[in-house]
1. Of all residues in the stretch 598-618, count the ones that are more than 28 Å from the chain's Cα centre (by Cα) and polar (S, T, N, Q).
2. Any residue at all in the stretch 201-217 that is of a type outside the set (Ser, Thr, Tyr), touching a helix residue (DSSP H, G or I) at 6+ places or on another chain (Cβ under 7 Å), closer than 23 Å to residue 451 by Cα and modelled with pLDDT of 95 or more?
3. Considering each of 148, 96, 139 in turn, give the residue that is of a type in the set (Lys, Arg), surrounded by fewer than 22 Cβ atoms within 10 Å (Cβ to Cβ) and assigned to a strand (DSSP E or B).
4. If I ask for residues that are surrounded by fewer than 17 Cβ atoms within 10 Å (Cβ to Cβ) and within 22 Å of residue 597 (Cα to Cα), which ones from the stretch 483-519 would you list?
5. Look through 469, 441, 421, 402 and report the one residue that is in contact with a helix residue (DSSP H, G or I) (Cβ under 7 Å, 6 or more places away or on another chain), among the charged types (D, E, K, R) and touching a residue at least 24 places away in the same chain (Cβ under 8 Å).
6. Is one or more of the residues making up the stretch 106-121 of a type in the set (A, V, I, L, M), part of a loop (DSSP other than H, G, I, E, B) and either at pLDDT below 95 or within 16 Å of residue 395 (Cα to Cα) (or both)?
7. For residue 508, indicate whether it is part of a strand (DSSP E or B) and either assigned by TED's automatic domain parsing to the domain that holds residue 454 or in contact with a helix residue (DSSP H, G or I) (Cβ under 6 Å, 6 or more places away or on another chain) (or both).
8. For the list (1) closer than 20 Å to residue 581 by Cβ; (2) among the hydrophobic types (A, V, I, L, M, F, W, C); (3) without any contact (Cβ under 8 Å) to a residue 60 or more places away in the chain, I need the number of the one condition that residue 41 fails.
Amino acid sequence: MLSLRLLPKNSVSVALSVLVCGLAADARETVDLTGKWTFSFGNEASQKVDVPHTWNAEDGVAGPKSGKGSALSAQSSSYKRGVGTYERELPVKPGKDKRYFVRFDGASIVTDVAVNGKPVGRHEGAFGAFCFEITDALKDSGNTITVKTDNTFNKNILPLAGDFTMFGGLYRPVTLIETEQTCIAPDYYASPGVLISQDKVTPQSASVTVNTLVSSGKEASGKTEVKVDIRDAKGKVVATGSGGVSAGTDGPGRAEVKLNIARPVLWQGRSNPYLYKVTARTLVDGKETDRVEQPLGLRTIGIDPKKGFLLNGKPMQIKGVCRHQDMEGKGWALSKADEEKDMKMILDMGADGLRTAHYPQSGHIYDICDKSGVIVWSEVSAVERVYDNPAFKDNMKQQATEMLLQHGNHPSICMWGIFNEIYHQCGSDMKGVDMEGTLKELKQHIKSLDVSRPVVGATNQQGRRSLNEIPDYLAANMYPGWYGGGPDGMKGSVEGYVKAYPDKGIAVSEYGHGADIAVHEEQVKQPAPFSRHHPEEWQSYGHERNYNAIRQRPEVWGSFIWNMFDFGSSERSEGAKPGINDKGLVTYDRQTPKDAYFFYKANWNPEPMAYITSRRFTERKATETTVKVYTNCDSVTLYVNGKQVGKAAKPDDLCIVKWDKVQLKPGENTVKVVSNRKGKRVSDSCTWNVRS
């Protein structure tokens, strides 16, 4: 249950991207402020840019200036860090008795906003949305908004460390909002203003509490009430109720409405991501003044240390991926179309879980997960280290509050993460810092806001029991076959955590291997991880062996591949390109799924497929080779240069088929496989050249 505890309103006001439609006349109106802005960085000349925008799309992935690699990119100064200024005219002529707000879905890291030179708000944090009322700063015409964003490293703001670039800029959409004097609050800790609690859900009935936050302007008058409807997927009203508004002591008023739904259809993950729609409306003296809609997916969630993750009481092992939010040429400044492309690749692979590593992601990503049935682990950006001073802890709790209140209505979010690899790469400056005390406060704070979801943490410190006992359930980042030992070491790594923490439940929060699609080898050998030599064949082999161990342990409640996509890490100096972590299953430009992507697709997506691995190993020397195919079909037949090789073969239980000692001729060779599954025929082919 997302419990409503109205926190004191301060200089930090943030707002979730809300779905608003079908409004009554003269109620809420929105104007998209993405597009052309005037931008300057520091003392540089101004230029026109398109928002969403970052100034680090290129230098943020250019690699370390020293040439010596590390994983300390979040705190690095090798890319532009400082103040960027954005300015544009506001397309608004203030109306009588209207109120105006500007909402930013995300800006990095510290943002100061002024309208007509008058400061209207400041936000500290790179990942939460924020919203400021600008009514009193507006003129009758000719209004200008100025936004200063500063991505300078700040020891009082999460994250303090991380193997990822902190792209600066106004990198998510911006919206102008016009409301009546009495409205559903758009500026309270980034919530949509409608907070939904699932009090009890059974196959027979579901009880839901809807808290609507009501904001009244200076000229507000009249009797206010809130009406709430719940509609099913066909638009039929299945529950309705209303309530009066109780005054807020330091913030918006609140209207609480309790509703019951008979014989609910449950949100069942990817098999049936059924969504209801909650509509809250404010009425003043009977006239509607505002309306907000939010998703409702009814489900129960839990983790059983013996059975794994429980969705509506049924055990499952989450088949997940981790995702960073950057892309080649764009950094963090992605469009909705870019995000949809990312999610489509994740869904096509057959994944049913997403870890938003290592920070909350856009509301649009969570919307897609709601609709597609992906189970989400959303986390606070407490990476490697936290401080114990009051200023830092205040910011940490602020960012956690934003995450929960902005995104808490999303049924896809099934757990809150509170740390990643704490104590990793910590220096002498952290000596004496009570990091565990800080994390205990963070957990307590999250529990004060939401008791319905488990709190989890990702560790790589098996021996630090006091740290690992803090979250409700534990996950571990494991890299056998990349940073230590062979890939079959995953079995022992999992067993070690299960034995050490039998009551905490274990997930594999990260595992993976680097791969350069231009580097290949006939005989796979484990590469040095910090070298330039990251053959694609080793990545796929490592994943085969890692996942084989994970899937055999039902008590492992989930696994999350590191990473779905290659991503920017300015201090990395390895693989094909400095500044890139190449552990993704897909290249940074999103153009090429690597071989390992198709290993998981064969295992996770039931749609018939066959894929020849090492297809990019086009220039070869040996005339004898092994052909490996990933397929979920019943049988596969191999053809080389039009001739069948041996008999049709059946894949093993990892969906792998191999033919050894296949003969190639000097020159061009066409390799083709034909597969059948329940009468459906699929095929794949590639060309290899053998140089004599």
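1. The qualifying residues number 3.
2. no
3. Working: 96 fails: assigned to a strand (DSSP E or B); 139 fails: assigned to a strand (DSSP E or B).
Of the residues listed, the single one that is of a type in the set (Lys, Arg), surrounded by fewer than 22 Cβ atoms within 10 Å (Cβ to Cβ) and assigned to a strand (DSSP E or B) is 148.
4. Once the filter is applied, which keeps residues that are surrounded by fewer than 17 Cβ atoms within 10 Å (Cβ to Cβ) and within 22 Å of residue 597 (Cα to Cα), the stretch 483-519 yields 483, 486, 488, 518.
5. Working: 469 fails: in contact with a helix residue (DSSP H, G or I) (Cβ under 7 Å, 6 or more places away or on another chain); 421 fails: in contact with a helix residue (DSSP H, G or I) (Cβ under 7 Å, 6 or more places away or on another chain); 402 fails: in contact with a helix residue (DSSP H, G or I) (Cβ under 7 Å, 6 or more places away or on another chain).
Testing whether each residue is in contact with a helix residue (DSSP H, G or I) (Cβ under 7 Å, 6 or more places away or on another chain), among the charged types (D, E, K, R) and touching a residue at least 24 places away in the same chain (Cβ under 8 Å) leaves just 441.
6. So the first thing to find is which residues in the stretch 106-121 are of a type in the set (A, V, I, L, M), and the list is 107, 109-110, 113-115, 120.
Filter once more, so that each one left must be part of a loop (DSSP other than H, G, I, E, B): 107, 109.
Filter once more, keeping what is either at pLDDT below 95 or within 16 Å of residue 395 (Cα to Cα) (or both): 107, 109.
Within the stretch 106-121 (the criterion being of a type in the set (A, V, I, L, M), part of a loop (DSSP other than H, G, I, E, B) and either at pLDDT below 95 or within 16 Å of residue 395 (Cα to Cα) (or both)), the answer is yes, since at least one residue qualifies.
7. Values: part of a strand (DSSP E or B): yes; either assigned by TED's automatic domain parsing to the domain that holds residue 454 or in contact with a helix residue (DSSP H, G or I) (Cβ under 6 Å, 6 or more places away or on another chain) (or both): yes.
Yes.
8. Among (1) closer than 20 Å to residue 581 by Cβ; (2) among the hydrophobic types (A, V, I, L, M, F, W, C); (3) without any contact (Cβ under 8 Å) to a residue 60 or more places away in the chain, residue 41 violates only (1).
The values are calculated or read from the model by the stated rules, or taken from the named source; none is laboratory data. What you are looking at is a predicted structure, and each value in this text was computed from that prediction instead of being measured. Counting neighbours? That spans all protein chains shown, and the Cβs are built from the backbone with ideal geometry, glycine included.
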